[in-house]
Every structure is written in structure tokens, then in C-alpha cells.
Amino acid sequence: MGQEALLAEGVGACYDSTRNSELLSAKAQRCGAQVSPEARRDMADSSYPRYLETYRTGELRRKVEEAIASLADCTVCPRNCHINRLEGKTAVCHTARNAQVGSFGPHFGEEDCLRGWNGSGTIFFSQCNLRCVFCQNWEISWGGEGKEKTPEQLAWIMLYIQDQGCHNINFVTPEHVVPQVLEAILLAVEGGLRVPLVYNTSAYDSAESLRHMDGVIDIYMPDFKFWDADVSRSLAKAKDYPDAARRAILEMHRQVGDLVIGEDGIARHGLLVRHLVMPNGLGGTREIMRYLYREVSPYTYVNVMDQYRPVAKAGKYPEINRRPISSEIEEAMRIAREEGITRFDERLRSPLRPVLG
């Protein structure tokens, strides 16, 4: 059954008339049976995942109300477009009242500590607040592949992913839809959502959005793309990206601290920073690693990524119209170590296996 058919079936059962918490809870009872034993033990702790306590105190509902209201004069991301998305108006991100989703489901291409043996439950949001000319997911972020989802549909997607036994819910490119994500999280929690939440971002996030996510997100996974403002202006069409990323990553670490990984190899909470190695050293690897070590934490967990390929509009920019060569990847790793970074994501050849006993 395709994703749209699954979504129609689930929403038809749970959301046709109202936000029916009782029907959501029935769905959640089926979800619980496939959550890993390790995650189930952690669930017994009321502070894990973090959003459970935030929900219990009523703070999550307050955050949702405040975030949705902010769409009337949008400052959800650093673009500060000041448009009324509640009335259907759009600007850079081409997203109005409801989020658009490109795809969802178990994903085994993430870091080992996220994908585990059952996969990371990714939800890829369409559109983006950056305009990276080399975007590796350009069909979704530039092309807008995907369909609009109501809060109820998005909540059902989260519960469906949990039902598949995924170790977490992984929001990919959520910077421009933080209010919509929060709204759906509230519904999903009422329906029995219990797995950790991953905020998988470009780091072009506003202080306002991160404030809304405080006490909700368990794992922040920003991609620190560029250090130089001129490079960022040319390749991402956002000169202020480096400043915004520095502020955002500091705040993320303040909220969740260093990445904590359980004995089973699965991440529980904390900060994981990605850095995509660009051709000709355009990312500013040394400055970024120095900043992470000195200003964020000497225990920052880093994934130095070698996946760059010249797609989208990269062919118009000769300096990035090729893949990094092996010596550039090796140099990036050497630089990270020289700057003091010691915690790296090292990919296993096959997914992790559950700890038995």
C-alpha cells in the first residue's frame, strides 16, 4: 500500500470529524507493541522523551497556541518575511497554513545511533527556507514534491512511523514549519506518541522557533554548512546563515547538551552536528570545528559527511561542480581532529542489532 493510501486509511479512521484523542489512543496501543524493549524501558521514565513532561504541565499546548498565532506575521525563520500564512500567503518557503510532506517512513541512511536496526522514522518536509544551489534533496526542497498535510494527518504519520518500530521521529527540514510540527506533536502525544523526536535542520533557525521547541525536541541534528558569509550568500542565498547557525547550535546545545547514546547504540538525547565536506574547502571546516570545540562543547558529536554531489544548479558554479576527492575528505577529518573534536560518527557496514537479554 502506498503512502497516500496508508494516510487516507489512517486519517479516515481517526480524523474525519474532529481531533479524536480516543481513536488516536487506540492506534497508539498497536504502536506500543513494536517499540524496542530499550525504548520501552526509557518510556517508563516520565522525563523521557522530553515532550511528555512538557505536555503534562500544559506547556506544550501553550507553545502550540503561541506558535500558530505567530504565522499571522511570520518570523518562524531568520528570513522574517512578516506575511500572514494563516490567510494563505507565502514567501520564500512557499508554505502557508499547513505543512507539505514529501515522504515518510523508516530510513536506514541516517547515522547508526539514529537508524539502529529498525530505522529512523523520517518525515521529509517539502520546500525550504534556504536556496542551496547544490541541494542534495532538491526535488523536495526546490521542486516542492509532496502534498499538504493537515495537523491531524501529520499526527497520524508520526503514530504510523512509531507503529513500524522506528527508534525515533525524524523531522527533516522543519525550519519553516515549526508551528505546524508542534501542533501535530500535541495531537500525536494525546494519541500515544512515546518515541524521541529528532530535529534534522540546516541550522537556519530562528531564536523564536527554537524557544518553542525547548522541552519538546530530544535530539537536535543541525547541518553546519558554511562559515563564510559571502560563500553562504552565493551558494545558499542567505548571507546571514553563518551567524544564524552559530546562534542556533549554541541554543540547541543549551537545551539538550552533548549527545547521549545508550548501551544499545541508540541516541537518547543531545546534539549531533553534521558538516558536509564541500569541494575546494568552501565549507570552512577548520573554523566550524574550532567553533564547535571551543564555543559549543569539546564533546560535540560530529558527522563529517562525504556525500556531496553536484546536483540541482551546481553545474552553474564551477567551484562546486564536482564531488570532493578523497584527499579533501581526509583533510576535513584531519582538521577536525586538530581542532580537538574526538566524537565522530563512524558508519557500520550494516545496521545495529538489538541488544538481547
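Bear in mind that the values in this text are calculations on the coordinates, not laboratory data. A quick note: this is a predicted structure, and the numbers were derived from the prediction, not measured. Counting neighbours? That spans all protein chains shown, and the Cβs are built from the backbone with ideal geometry, glycine included.
General remarks:
- With a threshold of 28 Å on the Cα-Cα distance, the over-threshold entries among K63/K239; K149/K239; K63/K89 are K63/K239; K149/K239.
- The range 85-154 shape via C-alpha gyration tensor axes, a/c threshold 1.5: oblate
- Prolate/oblate/rounded label for the range 285-335 (Cα gyration tensor, a/c 1.5): prolate
- Surrounding net charge for D112, when Lys and Arg each add one and Asp and Glu each subtract one, Cβ distance under 9 Å: -2
- Cβ crowding within 10 Å, taken as a proxy for footprinting-reagent exposure, orders S327, S141 from fewest neighbours to most as S327, S141.
- Mean separation of Cα contacts under 8 Å (6+ apart) over length of the range 214-341, as relative contact order %: 25
- Order of K316, K149, K89 - criterion: other Cβ atoms within 10 Å of each residue's Cβ, fewest first: K316, K89, K149
- As a proxy for reagent exposure, S120, S209, S326 were ordered by neighbouring Cβ count within 10 angstrom, fewest first; the result is S326, S209, S120.
- Whichever lysines have a C-alpha closer than 17 Å to that of K237, once near sequence neighbours (fewer than 8 apart) are set aside: K225, K313, K316
- Cβ-based net charge around M213, under 11 Å, with every Lys or Arg adding one and every Asp or Glu removing one: -3
- Taking the DSSP bridge list for the range 3-344 and keeping only pairs wholly inside it, about 30 percent are antiparallel.
- Gap separating the Cα centres of the range 53-102 and the range 248-313, nearest whole Å: 26
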